[in-house]
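S.K.: Next up is a structure, given as structure tokens.
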Amino acid sequence: MIQPSLTYIEELADGNEAFKAKLIEIVKQELPEEIELYYKHVEAQLYSEAAKDVHKLKHKISILGLEKEYHLAVAYEEALREDHCDGKIQFEDILSAMSLFVKSI
């Protein structure tokens, strides 16, 4: 089961609640926009553009403590660069889990 967390953000903040809040706010703002753009590019079969979107989303995956899922995203990004979408379902499951988590924080 995909379980995002704030552990990495808390480590980065090192007790600085204002910094932690700012990082969370950035993720909450940027994640939906990046996901929406990714879906637009995949739907249009613009795989090279979708690969760029996945590259950006990998940072959010990492920030939300999803190490295993990060590696899946790396493989999916490479697949998109090769003009196919092997790993799409798994990647989109990651996006769904992240979206739900971010809405809950």
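S.K.: Restricting the search to segment 20-78, which residues are within 15 Å of Ser99 (Cα to Cα), among the hydrophobic types (A, V, I, L, M, F, W, C) and part of a helix (DSSP H, G or I)?
M.R.: Ile24, Ile26, Val27, Leu31, Ile35, Leu37, Val54, Leu57, Ile61, Ile63
S.K.: Right, here's the next one. State which residue is nearest to Val27 (Cα to Cα) when the search covers only segment 64-80 and only residues that are hydrophobic (A, V, I, L, M, F, W, C) and surrounded by 20 or more Cβ atoms within 10 Å (Cβ to Cβ).
M.R.: So the residue we want is Leu64.
S.K.: A further question follows. Taking segment 2-19 as the region of interest, how many residues are of a type outside the set (D, E, K, R) and either without any contact (Cβ under 8 Å) to a residue 40 or more places away in the chain or in a helix (DSSP H, G or I) (or both)? Working first, answer last.
M.R.: Within segment 2-19, the subset of a type outside the set (D, E, K, R) is 2-9, 12-13, 15-16, 18-19.
Filter once more, so that each one left must be either without any contact (Cβ under 8 Å) to a residue 40 or more places away in the chain or in a helix (DSSP H, G or I) (or both): 7-9, 12-13, 15-16, 18-19.
Of the residues in that region, 9 qualify.
S.K.: Tell me yes or no: at least one residue of segment 81-92 is assigned to a helix (DSSP H, G or I), in contact (Cβ under 8 Å) with a residue 12 or more places away in the chain and aliphatic (A, V, I, L, M).
M.R.: In the first step, residues of segment 81-92 are kept if they are assigned to a helix (DSSP H, G or I); the result is 81, 88-92.
From what is left, the residues that are in contact (Cβ under 8 Å) with a residue 12 or more places away in the chain are 81, 88, 90-91.
Those still in the list that are aliphatic (A, V, I, L, M) too: none.
No; the residues of segment 81-92 include none that is assigned to a helix (DSSP H, G or I), in contact (Cβ under 8 Å) with a residue 12 or more places away in the chain and aliphatic (A, V, I, L, M).
S.K.: Let me ask something additional. Looking at Leu23, Leu57, which is the one that is touching a helix residue (DSSP H, G or I) at 6+ places or on another chain (Cβ under 8 Å), within 13 Å of Ile105 (Cβ to Cβ) and not polar (S, T, N, Q)?
M.R.: Details: Leu57 fails: within 13 Å of Ile105 (Cβ to Cβ).
Checking each option against the conditions leaves just Leu23.
FYI, it's all coordinate maths here, none of it is from the lab. On a predicted model such as this, the values are computed, not experimentally measured, just so you know. Every residue, glycine among them, receives a Cβ derived from its backbone with ideal geometry; neighbour counts consider all protein chains shown.
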